[in-house]
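J.: Sharing a structure below in structure tokens format, with a few things to ask.
The values are calculated or read from the model by the stated rules, or taken from the named source; none is laboratory data. Bear in mind the structure is a predicted one, so any value in this text is a computation, not a measurement. Please note: Cβ atoms are built from the backbone with ideal geometry, for glycine as well, and neighbour counts cover all protein chains shown.
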Amino acid sequence: MRDDTPDETRRARLSRTFNEDAALYDRARPGYPPQLFDDLGTLAGTGPGCRLLEVGAGTGKATVPLAERGCRITAVELGADMAVVARRNLAGYEAVEVVTADFESWSPPDEPFDAVVSATAFHWIDPAVRMVRAADALRPGGALAVVGTQHVAGGSEEFFAAAQHCYERFDPATPPGLRLPAAGDVDTSYYADEVARSGRFGPVTVRRYQWDLTYTAAEYLDVLRTYSSHRALSPAAREGLLRCIARLIEGRYGGRITKRYLAELRVSRTV
């Protein structure tokens, strides 16, 4: 039930775990609600002809919908195998280039971008430079759009409470009695504070989206295998955790559970 938000001391190492099985990541991880991309178009101008830089493209979960809306995209992805999958997923879009590089040291082209977009990836970028580098890549008045995602209360709530016993048994870092927050209790004001401290962007406009996805036991275990916190466990602890969760789903919840996701879109413009 732990999310992917890293402690800074582990950030660099954990950020590289996603590349270990790019095909699994592409198959198991969900995309984003269509309304989010509609709002991106309204708030950040990500429509036909928009010159867009995507930070942390992964396998293209957000890149493909943006390309479908006519954006010209330079997508920067740290993981070489993730970038290979992204190029395959985006092969039909001539206006998309996938660059294998880390955003912190990548040299952007001279022509500035209309928008910088980062979907469930910006928290992996070095906080000492991410705002400055995003602002430097944008034209005056250009938009920075960051999407954060979180698992929240809803769906099969009894299962997720029961699953904590598995986490407490196999992952010693799990706080005892941890429960999912209600969507309304999720506080992401830290992001607006970071934007304000940078001095490079104006106020942040926020939109939120909730949706449910139902998984079989096997499908849910695949999702868990893509999480950096789970991949960081020892092989024995990880497999013990996954077996415990699988038995719980199959034995007490009819082989299927529903997970509720919260996505938050945060848009600000350079000043």
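J.: Within the stretch 127-155, count every residue that is without any contact (Cβ under 8 Å) to a residue 40 or more places away in the chain and either part of a loop (DSSP other than H, G, I, E, B) or of a type outside the set (Lys, Arg) (or both).
T.: 3
J.: Consider only pairs whose beta carbons are under 9 Å apart and that are at least six residues apart or on different chains; among these, list those whose first residue lies in the stretch 107-120 and is on the phi > 0 side of the Ramachandran plot and whose second residue is small (Gly, Ala, Ser) and in a strand (DSSP E or B).
T.: Short answer, once both residue conditions are applied: 120/148; 120/263.
J.: Something else: Do we find that residue 247 is over 19 Å from residue 123 (Cα atoms), part of a helix (DSSP H, G or I), without any contact (Cβ under 8 Å) to a residue 12 or more places away in the chain and not small (Gly, Ala, Ser) in this structure?
T.: In short, yes.
J.: Considering only the stretch 165-188, state which residues are over 28 Å from residue 40 (Cα atoms) and either in a loop (DSSP other than H, G, I, E, B) or within 23 Å of the chain's Cα centre (by Cα) (or both).
T.: Passing the criteria: 167, 171, 172, 173, 174, 175, 176, 177, 178, 179.
J.: Taking only the stretch 187-242 into account, find how many residues are within 24 Å of residue 256 (Cβ to Cβ) and of a type outside the set (Gly, Ala, Ser). Write out each step before concluding.
T.: Our first condition is that a residue be within 24 Å of residue 256 (Cβ to Cβ); within the stretch 187-242, this holds for 209-227, 229-230, 238-242.
If we keep only those that are of a type outside the set (Gly, Ala, Ser) too, we end up with 209-216, 219-227, 230, 238-239, 241-242.
The number of residues fulfilling the criteria is 22.
J.: If only one of 68, 77 is more than 18 Å from the chain's Cα centre (by Cα) and modelled with pLDDT of 95 or more, which one is it?
T.: Only one candidate qualifies: 68.
J.: Report whether or not residue 18 is over 30 Å from residue 218 (Cβ atoms) and either within 17 Å of the chain's Cα centre (by Cα) or surrounded by fewer than 17 Cβ atoms within 10 Å (Cβ to Cβ) (or both). Before you say what the answer is, go through the steps one by one.
T.: On the way: over 30 Å from residue 218 (Cβ atoms): no; either within 17 Å of the chain's Cα centre (by Cα) or surrounded by fewer than 17 Cβ atoms within 10 Å (Cβ to Cβ) (or both): yes.
In short, no.
J.: While we're looking at this one, here's another question. Applying the selection to the stretch 158-196, what residues are among the acidic types (Asp, Glu) and surrounded by 14 or more Cβ atoms within 10 Å (Cβ to Cβ)? Can you show your working first?
T.: Taking the stretch 158-196 first, the residues among the acidic types (Asp, Glu) are 158, 168, 171, 185, 187, 193-194.
Residues satisfying the conditions are 168, 171, 194.
J.: Sticking with this one: For the stretch 21-126, please list each of the helices (runs of 4 or more DSSP H) lying entirely inside it that holds at least 3 residues being crowded, with 20+ Cβ neighbours inside 10 Å.
T.: Ranges flagged: 34-44, 63-68, 80-89.
J.: Follow-up. I need the full set of residues from the stretch 174-219 which are over 30 Å from residue 238 (Cβ atoms), without any contact (Cβ under 8 Å) to a residue 60 or more places away in the chain and hydroxyl-bearing (Ser, Thr, Tyr), in order please.
T.: Result: 189, single match.
J.: Among the residues of the stretch 253-270, are any part of a helix (DSSP H, G or I) and surrounded by 15 or more Cβ atoms within 10 Å (Cβ to Cβ)?
T.: no
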